Amino acid sequence: MSQKLEIGIKNQREMKVDETKSAVSAGSGTLMVFGTPFVAALMEQTAEESVRPYLEPGQATVGTKLVLNHTAATPMNRAVSCISELIAIDRRRLVFRVVVCDEAGQVADAEHERFIVDAEKFMAKANSRGGEVC
């Protein structure tokens, strides 16, 4: 890794929730609120971005686990902020604590796990997968 990957690395992303990020748009519900699939994607993006500068050329991280608590609804046209913090490193395994807040307070939190992979090898393995749907 070019820079030293250390516990405590943080990142923050902000976005405005609109109809394209609703539960209706995700197909995960019938109400016009910030959809949980989009909350999850925001969390993963925030964590992934935080460690990208520390990777060697040809490396990437892949999400392997997300334990998400979506505890409050965010209506349309509200701003949300997502903060990730790297809390554990075990060789190639990275663990993050991630929180999403809107103007009224916290709406979600999660523990998120990512693994550092060789991008070319990972894609070759992914593309060679065959077999039946389970």
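The values are calculated or read from the model by the stated rules, or taken from the named source; none is laboratory data. Please read all numbers here as calculations on a predicted model, not as lab measurements. FYI the Cβ positions are ideal-geometry reconstructions off the backbone, even for glycines, and counts take in every protein chain you see. The accessibility values were calculated without ligands, DNA or RNA, using every heavy atom of the protein model including side chains. Shrake-Rupley method; radii C 1.70, N 1.55, O 1.52, S 1.80 Å.
Here are the numbers:
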{"read-out": "Cα centre as origin, Lys/Arg/Asp/Glu Cβ charges: the stretch 32-134 dipole, Debye", "value": "280"}
{"read-out": "Stokes-Einstein D for the stretch 66-111, Kirkwood Rh over Cα pairs, 4 °C, 1.567 mPa s (µm²/s)", "value": "112"}
{"read-out": "Per residue accessible area in Å² of the chain, where ligands, DNA and RNA are left out and the probe is 1.4 Å", "value": "60"}
{"read-out": "Exposed trypsin sites (Lys or Arg not before Pro) absent: longest stretch of the chain, with sites in DSSP loops and at most 14 other Cβ within 10 Å deemed exposed", "value": "5-90"}
{"read-out": "Percentage relative contact order, the chain, counting C-alpha pairs under 8 Å, at least six apart", "value": "27"}
{"read-out": "Alpha-carbon spread of the chain, three principal axes, descending order, Å", "value": "41, 41, 21"}
{"read-out": "Percent accessible area from carbon and sulfur atoms, the chain, protein chains only, probe 1.4 Å", "value": "50"}
{"read-out": "Angle in degrees between helix 119-128 and the longest Cα principal axis of the chain, rounded to the nearest 10", "value": "80"}
{"read-out": "Rough spin-label spacing in nm, given labels placed 7 Å along Cα→Cβ, for Ser81 and Gln3", "value": "2.1"}
{"read-out": "Around Arg78: net Lys/Arg minus Asp/Glu count, Cβ-Cβ under 10 Å", "value": "-2"}
{"read-out": "Nearest 10 degrees, 0 to 90: helix 36-51 Cα axis against the chain principal axis", "value": "40"}
{"read-out": "Listed residue (Gln12, Gly29, Gln45) projecting farthest to the positive dipole end of the stretch 1-66, Cβ model", "value": "Gln12"}
{"read-out": "The stretch 25-134: GluC sites (Glu not before Pro) in DSSP coil with no more than 15 other Cβ atoms inside 10 Å", "value": "Glu103, Glu132"}
{"read-out": "Cβ-defined net charge surrounding Glu48, 14 Å radius [Lys, Arg +1; Asp, Glu -1]", "value": "+1"}
{"read-out": "Of the GluC sites (Glu not before Pro) in the stretch 1-39, those whose Cβ has at most 15 other Cβ within 10 Å and which sit in DSSP loop", "value": "Glu6"}
{"read-out": "HN-Hα J in Hz across the stretch 95-101 - Karplus 6.51, -1.76, 1.60, θ = phi - 60°, x for Gly and Pro", "value": "10, 10, 9, 10, 10, 10, 10"}
